[in-house]
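The values are calculated or read from the model by the stated rules, or taken from the named source; none is laboratory data. Note that this is a predicted model, so its numbers are computed, not measured. Here the Cβ positions follow ideal geometry from the backbone for every residue, glycine too, while neighbour counts run over all protein chains shown.
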Amino acid sequence: MAENKNTKPFYNTEIPEDWEVKYFKDVADIDKESLNGKTAKDYEFDYISLSDVDSNDSIYETTKQIFSTAPSRARRIVKKGDVLMSTVRSNLQGFLFIKDDVKDLIASTGFAVITSNKCHNEYLYQYLFSTGIGRQFHQLLVGSNYPAINSSDVRKLKIPLPPLPEQRAIANLLSTWDTAISKHKQLIAQKELRKKWLMHNLLTGKKRLTGFRGEWKDHYLGDMFSERNERNTKGLPLLSIGQNGVYPQDESIKKDTSNSDKSKYKRICPGDIGYNTMRMWQGRSALSELEGIVSPAYTILKPKQNVDSLFFSYLFKTPKLINLFWRNSQGLVNDTLNCKFKDFRIVKVKLPEKEEQTAIAQVLQTADKEIELLKAKTEKLKQQKKGLMQVLLTGKK
């Protein structure tokens, strides 16, 4: 890739001097074909709604519809090579490129269907993710509660166009990154299903790890944990407990709503499990690797000697345990249910010895690490593509 030195202004950036700037109306048809009242009532088609589209993967789902009973928004006719652009989302999500042959595919009128006729269709699709189009989009938004852009205004959007061969080359390169990102996401989904299978089978004893044959025995959770209720602990950092872990409050994206008086806040230590007393029946618990203080809204579980805390942190997320916590919570309706330690301690479960608990926890932790690694790689690919877009779609390279 080479740098381009001869440039001209385009919004708040520069593009190559020999690139053309065109309105969408000059290079594409917008909503070229739509169903109408003369459509046969028994006409059957695949329908795409806004919620069916994942912009990051170019993946979509459809539902079978019959015209006489279909949603009123099912109107736009979609064909191979078309680009779908959401017109009712201010965050620029809901873009889709139809790469393959399709038959009887209809999109919601919440999309503008863009049929390119004078530029490379996938180049136009990739340009929808650029910061340049984002600024234009927001200038055309109407409405405050539900910001939208009129389909007619899509025609007013501008696109910088290199020569057609360069459009193809740019689109092909960015598509390579899209494919890699999509494959990584598919791997993540597979690994998450595998972890779910492992949890279902290993945490119930339906499948046993090699070398373990001991009988699982009934225990009350009060035999496994005591309640840590240490308060007025000074000098310890404020921690937050989320769905996936315990972390310093200053790393949280949520606003700090804690009281200035921390005397009633509870101490939590490495190996403890903290849970939201009013949300344990929703799986709101996490294992701590830190020492600090947390809100009095949490119950802190201190493990006893025969306990592997990591094992229980997984066990408490299973449907069976969540249901038991719900059944043992006190309150008239879900919003007022609470599972205090006195309610937690009488829950009875079948458990293996600590050695098997540890072995199971290590298997599940390895599964988590595999998923985390894939997610990190996916995020790196996204950042790489973002960097490529910044230089390729502006002609800087």
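Test of understanding: among L84, L96, L124, which residue is surrounded by 13 or more Cβ atoms within 10 Å (Cβ to Cβ), part of a helix (DSSP H, G or I) and not acidic (D, E)? After applying the criteria, what remains is L124. Here K302 fulfils each of the conditions (1) surrounded by fewer than 22 Cβ atoms within 10 Å (Cβ to Cβ); (2) at pLDDT 95 or above; (3) under 23 Å from T336 (Cα atoms) apart from (3). Screening A376 against (1) surrounded by 14 or more Cβ atoms within 10 Å (Cβ to Cβ); (2) within 21 Å of the chain's Cα centre (by Cα) leaves a single unmet condition, (1). Scanning the range 345-397 for residues that are assigned to a helix (DSSP H, G or I) and either assigned by TED's automatic domain parsing to the domain that holds G132 or of a type in the set (D, E, K, R) (or both) yields a count of 14. Scan the range 175-185 and tell me whether some residue there is in a helix (DSSP H, G or I), more than 26 Å from K397 (Cβ to Cβ) and not assigned by TED's automatic domain parsing to the domain that holds I77. Scanning the range 175-185 turns up at least one residue that is in a helix (DSSP H, G or I), more than 26 Å from K397 (Cβ to Cβ) and not assigned by TED's automatic domain parsing to the domain that holds I77. Name the single residue that is farthest from N306 (Cα to Cα) among those in the range 160-217 being in contact with a His (Cβ under 7 Å, 6 or more places away or on another chain) and of a type outside the set (G, A, S). Among those residues, the one meeting the criterion is L164. Taking the criterion of being assigned to a strand (DSSP E or B), touching a Lys or Arg at 6+ places or on another chain (Cβ under 7 Å) and of a type in the set (V, I, T), the residues of the range 269-296 that qualify are I293, V294. For the range 321-344, indicate whether the set of residues that are surrounded by fewer than 12 Cβ atoms within 10 Å (Cβ to Cβ), among the hydrophobic types (A, V, I, L, M, F, W, C) and either in a loop (DSSP other than H, G, I, E, B) or out of contact with any helix residue (DSSP H, G or I) (no Cβ under 8 Å at 6 or more places or on another chain) (or both) is non-empty. Within the range 321-344, one or more residues are surrounded by fewer than 12 Cβ atoms within 10 Å (Cβ to Cβ), among the hydrophobic types (A, V, I, L, M, F, W, C) and either in a loop (DSSP other than H, G, I, E, B) or out of contact with any helix residue (DSSP H, G or I) (no Cβ under 8 Å at 6 or more places or on another chain) (or both). Closer than 13 Å to F341 by Cβ and within 27 Å of the chain's Cα centre (by Cα): does that describe I273? Spelling it out, I273 is indeed closer than 13 Å to F341 by Cβ and within 27 Å of the chain's Cα centre (by Cα). Identify the residue in the range 137-179 that is free of Cβ contacts under 8 Å to residues at least 24 places away in the same chain and in contact with a helix residue (DSSP H, G or I) (Cβ under 6 Å, 6 or more places away or on another chain) and, among all such residues, is surrounded by the most Cβ atoms within 10 Å (Cβ to Cβ). Out of the qualifying residues, it is D153.
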